[in-house]
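Notes follow once the structure below has been shown.
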Amino acid sequence: MSDLPLRLPIQKTLFECFLLYSFGITVELLFRLIGPPKLGYFCNDLSISFTSKSSIVNGFELAAFVYCCSFFPILFVELYRLLKYDPEVCFSMMERGYNKISRLAIRVVVFFGYCQVAIVFTWALTSVTKFSIGRPRPYFLWICNSTYTCASNYSTEYVSPDKYECQGNALYVQEARLSFFSGHSSLALASATYAVLYLQARMPPKLFSRLLTPLFQFIIFASGLFVAYSRVVDHNHHPTDVLCGVIVGI
């Protein structure tokens, strides 16, 4: 058998990454062009009568969490395995003949790549569901500024979709119809769950303490739940939206 290293499929990997994210972006843009359905509401529905608040975890912070909570555990665990735990053991035939830096890069790309598949598919599923159902967010009535005037806030009258128009900003109104299910919850838990399972499979058993692995797993998973719970506190989602998002993410 030749000891020459195998040629790394860099172009193929980049193409697959491009294809994967092109799929996710296409799904998102397509459904945004179609828009969510317009639903009616009850005048006394307090669940959609909250005011809008700033997100505790904004979109940029969510993206940072989703990628970092899986990337850094993979990087540190594989680095430890290469330097201390099993430096001579190759994870795959692709590593043979390469130095440790190249082997580390190969492992990170492989494991982080699997995580990207989970994240993009979760993102696509979330977008399909949000735009198909069109459930109003807790602050819907505040941002909508409906043209229909209810007799009172305690009236049980149902306002059908053909009876009202929203006078608020069109983009904000569309966003206010995307409550179910929580994208923050599904994406955060998808990444956190992958990281927890990865640590269970790849964290070396011979560490300073047996508690390290479950401790790291708890911190990552609890952080994902914090992101999910924050969506109820800042009035962006109903509790059932978050619960469903957590289940989908897991």
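The values are calculated or read from the model by the stated rules, or taken from the named source; none is laboratory data. Since we're looking at a predicted model, the values are computed, not measured. So basically every Cβ, Gly included, is an ideal-geometry build from the backbone, and we count neighbours across all protein chains shown.
Note down all Cβ pairs under 7 Å where the first residue falls in the range 109-127 and is buried (at least 16 other Cβ atoms within 10 Å of the Cβ), the second is outside any helix (DSSP H, G or I) and not hydroxyl-bearing (S, T, Y), and they're at least six residues apart or on different chains.
T126/F181
For the range 46-79, how many residues meet the condition of being farther than 21 Å from H184 by Cα and touching a residue at least 24 places away in the same chain (Cβ under 8 Å)?
Total meeting the criteria: 6.
Please go through the range 72-106 and give me each residue that is more than 16 Å from A201 (Cα to Cα), aliphatic (A, V, I, L, M) and more than 29 Å from the chain's Cα centre (by Cα), ordered by number.
L83, M93, M94, I101
When the range 141-166 is examined, which residues are found to be free of Cβ contacts under 8 Å to residues at least 24 places away in the same chain and within 31 Å of the chain's Cα centre (by Cα)?
N145, C166, listed by residue number.
Which of the following residues is aliphatic (A, V, I, L, M), crowded, with 16+ Cβ neighbours inside 10 Å and either at positive phi or outside any helix (DSSP H, G or I) (or both): L178, L187?
Answer to the selection: L178.
Quick check on the range 1-30: of everything there that is farther than 16 Å from F112 by Cβ and not in a helix (DSSP H, G or I), which residue is modelled with the lowest pLDDT?
M1
Please work out which residue is farthest from A64 (Cα to Cα), limiting yourself to the range 197-226 and to residues that are of a type in the set (S, T, Y) and not in a loop (DSSP other than H, G, I, E, B).
Residue satisfying both the conditions and the ranking: T213.
Are any of the residues in the range 234-246 β-branched (V, I, T) and free of Cβ contacts under 8 Å to residues at least 60 places away in the same chain?
No, the conditions are met nowhere in the range 234-246.
Looking at (1) under 23 Å from T129 (Cα atoms); (2) buried (at least 18 other Cβ atoms within 10 Å of the Cβ), which is the one condition that is false for P161?
Checking P161 against (1) under 23 Å from T129 (Cα atoms); (2) buried (at least 18 other Cβ atoms within 10 Å of the Cβ), the one that fails is (2).
With respect to the numbered conditions (1) crowded, with 24+ Cβ neighbours inside 10 Å; (2) of a type in the set (A, V, I, L, M, F, W, C); (3) at pLDDT below 95, which one is the sole condition not fulfilled by L207?
Condition (1) is where L207 drops out.
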